[in-house]
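Presented below is the structure to which this report refers.
Where a number appears in this text, it was derived from the coordinates with a stated rule and is not lab data. Just so you know, these numbers come straight off a predicted model, no measurement behind them. Quick reminder, even Gly has a Cβ in these numbers, built from the backbone with ideal geometry, and neighbours come from all protein chains shown.
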Amino acid sequence: MSIDMSQFYQVFFEEASEHLANMENLLLNLDVANPSLEDLNAIFRAAHSIKGGSGTFGFTDMTEVTHVLEGLLDRLRKEELALRPDMVDAFLAAGDVLRGQLEHHQGGPEVDNADIRDISARLTQLAVGEAGGGARLETAPLKGSDTVRHLRLACLFPPDVAASDEAVNNLLAALAELAAVDTRHRPDAANGLLEANLTTSRSDAELKDALAFYLTPEDIALSPAAQPEESAYGFFDDAVTAPADDSYGFFTDAEPTPSGQADAAYGFFDQESAAAPAAAEDADGTFGLFDDAPGKPEALPNRDVTPGDSPAAIEGQGYGIYVDAPGGLGLFDNAPGATHLLKQPAVPEPQGTPATASSPTSAGRRLSDNPSVAIAKTGRRDTDKTVVATGADTSIRVSVEKVDQLINLVGELVITQAMLAETAGSLDPIQAEKLLAGIDLLSRNTRDLQESVMSIRMLPMSMVFSRFPRVVRDLAGKLNKQVEMKTIGENTELDKGLIEKITDPLTHLVRNSLDHGIEIPEKRVAAGKNPKGTLTLKASHQGGAVVIEVMDDGGGLNRARILEKARERGLGVSDAMSDHEVWQLIFAPGFSTADVVTDVSGRGVGMDVVKRNIEGLGGKVELESSPGFGTRTVIRLPLTLAILDGMSVGVGGETFIVPITTVVESLQPNLDDIRTLAGDSRMMHIRGEYLPFIALSEVFGLPGVEDITQGLVVVVEGEEGKAALFVDELLGQHQVVIKSLEANYRKVPGMSGATIMGDGRVALILDVAAVIRIGLANAKRRAAA
Amino acid sequence: MDIVDSSGVPASGEYLTFTLGKEEYGIDILKVQEIRGYEAVTRIANSPAFIKGVINLRGVIVPIVDLRIKFNLGEPSYDQFTVVIILNIGKRVMGIVVDGVSDVIQLNSDSLHPAPEFGSILDTRYLLGLGTVEERMIIMVDIEQLMTSQEMALVETAAA
């Protein structure tokens, strides 16, 4: 049977990158002087999971790197080596290489082989370094062995582990690194039992360690095997030493399985009976199930259970009809395999079995005994499992597409509900009392539903912030600065779309702060400051917006310097400009005060891009700085990209939405306030300012109101300043769901998107900055004509 | 000459026919998502006259093109008989306004005749050919080519 693995690739990619991120996070928070064993184990587990996954999917390059990585980590967590800062560096570098490889498998550029060799060598070096050349890192299980022992391993895996081919392969591979493994029974969905003969020089503890991922050491039975060649008989003896609990666990675990699985178990059973005759010579893998059973009689007496129980139990779960079996005889009739089995010479006490099994009391007790065992057993397994897969139960992975679809549907529901409410508004409130009450309830529920659905897309800011410790660490090292990073309000939630788009601008701001803001330690000490600079990232909610701040306690912006540079570049500046205006110069394209272009910053590409990106998201950037005390950059963003607070205005019978963030005020224009400039361009005098007067009906070629006193003016502020937009009427204020025009059509000049109004019609959302540009261009054209 | 449509598959199969003025046109039925009545559209400023605007099709914003205006086939009127054919082309949804939907016909490439060079508004590039069904001439349009063409201005031009 071949399974197309590629369908699982995406899952692996996602998981691996999560593991990598997790690993990096742990590494960065690791206290080098006194690492917690728990953290080291967590890092090890992350590396191990990546290794396992990559191995399963055939990404051997990743397996190789993680293997070396794991080697060093293993020594660390066993406290054979002491953690050193250079190790952390090496781990981080290895993480980068792995990330590169991961990206390569997803279609990214290939990772430089030299990098891979380099990091492998570095890790090996570190692992070997203090071991005095006793390179135990690379696995050579049988090399340098003092005493080779033959062991028998028996342990039982929880069904979920046993059912996963991947997990089993990983385990066997892990074992194979330590010992020569002769698998007797491979765990599968029906039987989680692993039985194997091991030939090894390692200690029991090491072997158990290899399985420690899924099992506690107590669950693993290791016993000396006399001779690895000796098969069936010795085998049975050994099986007895396996904790009786485990074998029961297996039977009882399988009991609650639905009929489908019971079928599988039945097939298994059949196979068993067929295999049984040959069993004495050839105890193959599948035989494991039975090995236990006949072996049981010797073990069971201690537990005060009759020998006959074992076959009965097998039979019971195998057919899933134990309860229906009227008595011992019927039971055995149903179980040709069992009787067959009982005739096998390998079974110690064949005669005893039928007698006891035919006793109804025995069967009865068995039934009542069983469930309690099952509960106890599954209970413990469950807790074991949660340790392995923490978090897996509390969240699910859903594609953004599905969420967006859900959001769309809820948006539709909201519109339908609004339409209903509108229609119901004309009904007689006394006659239609119940209906109206129902509609009220519906509207409340829809609103709640919409809020909950929207919150699915919300992600905590920590998704963005978590990448910065690494950036800061690397950069500070490169710049010879001491920087401590603080984050505040990581739990502030932001729309996923915004989270993705805010990362680059933030990275830029952080790099800027490190490069230009925070001074080198000597300078800081000279200025009477702590040699260690502080960079603070803060996120918070303010009204309907999210505010992200990047603060540093560095030297602050140099006003004189900025002015000087601006003059050099021929920007119109004067010494009388306010600080605020001076800081805005930084956002001019190509502006940089750095004398030397470094690979960190100084190319002058940046702040303008930051500003543009953030404004593209409907946000704003502000700068505050004070010489000697530091700089603060404040980014204000809307909560989500999907919903917008808008003011709806009517122009020539069409409805347009003006984003409320751009609206300064709206007022009834006074004819005296409108002045013409050079003939046709109109300006409006509002509170001491002259603003360009733009009639939307002209911009969009619609038959709007001509008489200025009949319309209204909305004062808006775009990238390039304020303007007075002339509209026919104000219709109201709504929260609108933003829909893309480009999905099925194309970008429309002056529009940032569309939305669906309460009556089901489409309204276009104004791109205020573009509208102002078009309006001004029109005026210019007219003036030229 | 084998007549093939844009996907390179010989043009045989089912076609939806519709009327524009007095002419009958046919398009690949697999490109048709649904047929609905004409409803008020939201106009889009500064767009060509044949782009009527956009409608809300169950939460999706869909542009509507009036082929009668595009092909210059008389004065378009909008009444309860005016029909919009919603097309699914590539991953896009768009609607065309036509005078009426008439039939679904089966045609194979044998009964398709290459269209002569009309020198008409409708470039032969967008034609699969001319089909004949019971004495009626049907102009078979490669609707995908047409709707994604630059002159329709429905999709961002190649530069985008």
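Across chain B, the longest run free of exposed loop sites, meaning GluC sites (Glu not before Pro) lying outside DSSP classes H, G, I, E and B with no more than 10 other Cβ atoms within 10 Å, spans B:1-116.
Restricting the trypsin sites (Lys or Arg not before Pro) of the stretch A:10-114 to loop positions (DSSP other than H, G, I, E, B) with no more than 15 neighbouring Cβ atoms within 10 Å leaves A:Lys78. FRET efficiency for the B:Asn108 to A:Gln10 pair, using the beta carbon distance and R₀ = 41 Å, is estimated at 0.50. Here the Gaussian network model covers chain B, with springs between Cα atoms less than 10 Å apart; of B:Met147, B:Met137, B:Met94, B:Met137 fluctuates the most. The relative contact order of the stretch B:13-150 comes to 28 percent, based on Cα pairs under 8 Å that sit 6 or more residues apart. With 22 Å as the limit on Cα-Cα distance, the pairs of A:Lys478/A:Lys501; A:Lys538/A:Lys620; A:Lys481/A:Lys529; A:Lys51/A:Lys501; A:Lys523/A:Lys620 that go past it are A:Lys478/A:Lys501; A:Lys51/A:Lys501; A:Lys523/A:Lys620. Select from A:Val68, A:Ser36, A:Asn25 the residue farthest towards the positive end of the dipole of the stretch A:9-72; place +1 on Cβ of Lys and Arg, -1 on Cβ of Asp and Glu, and compute about the Cα centre. Going by the Cα projections, it comes out as A:Val68.
Please build a GNM for chain B, connecting alpha carbons under 10 Å apart, and tell me which residue among B:Ser102, B:Ser111, B:Ser77 fluctuates the most. Ranking B:Ser102, B:Ser111, B:Ser77 by mean-square fluctuation puts B:Ser77 first. Ignoring the sites themselves, what is the longest stretch of chain B with no trypsin sites (Lys or Arg not before Pro) in a DSSP loop and at most 14 other beta-carbon atoms within 10 Å? Segment B:92-160 is the longest.
Looking at chain B, identify the longest residue range that excludes and avoids all chymotrypsin sites (Phe, Trp or Tyr not before Pro) in DSSP loops having at most 11 other Cβ atoms within 10 Å. That gives B:1-80 as the longest site-free run. When only the Cβ of Lys, Arg, Asp and Glu is charged (+1, +1, -1, -1), the dipole of the stretch A:400-457 relative to its Cα centre reaches about 140 debye. Take each residue of peptide A:745-751, count the partner chain Cβ atoms within 10 Å of its Cβ, and average: the result is 6.
Projecting the Cα atoms of A:Leu730, A:Ile774, A:Ser681 onto the charge dipole of the stretch A:643-784 (Cβ charges, centred on the Cα centre) puts A:Ile774 farthest toward the positive pole. Look at the stretch B:55-68: the mean tally of other chain Cβ atoms within 10 Å of its residues' Cβ atoms is 5.
Shape analysis of the stretch A:468-638 places it in the oblate category; the axes a ≥ b ≥ c from the Cα gyration tensor give an a/c of at least 1.5, with a/b not above b/c. Here the stretch A:461-518 is treated with +1 on each Lys and Arg Cβ and -1 on each Asp and Glu Cβ, and its dipole about the Cα centre works out to around 240 debye. Between the stretch A:710-765 and the stretch B:20-61, how far is it from one alpha carbon centroid to the other, in angstrom? The stretch A:710-765 and the stretch B:20-61 have Cα centres separated by 23 Å. Across B:Asn88, B:Asn108, B:Asn46, mean-square fluctuation computed from a Gaussian network of chain B (C-alpha pairs under 10 Å connected) peaks at B:Asn46. Note on A:753-759: average number of Cβ atoms from other chains within 10 Å of each residue's Cβ is 3.
What the phi angles of the stretch B:89-99 give under the Karplus curve with 6.51, -1.76 and 1.60, with θ = phi - 60°, is a coupling list of 10, x, 9, 9, 10, 8, x, 10, 8, 10, 6 Hz, glycine and proline written as x. Under the combined filter of DSSP loop state and at most 15 neighbouring Cβ atoms within 10 Å, the stretch A:653-761 retains these trypsin sites (Lys or Arg not before Pro): A:Arg687, A:Lys747.
Label-to-label distance, A:Lys523 versus B:Glu151, with points set 7 angstrom from Cα along the beta-carbon direction: 6.4 nm. Averaging the Cα positions of each part gives two centres, and for the stretch A:457-519 and the stretch A:394-430 these lie 36 Å apart. Dipole magnitude for the stretch A:468-638: computed about the Cα centre from +1 point charges on Lys and Arg Cβ and -1 point charges on Asp and Glu Cβ, it is near 240 debye.
Summarising the amide proton neighbourhood of B:Val65: residues at separation of 5 or more, or on other chains, whose placed amide H is nearer than 5 Å comprise B:Lys52, B:Gly95, B:Ile96, B:Val97.
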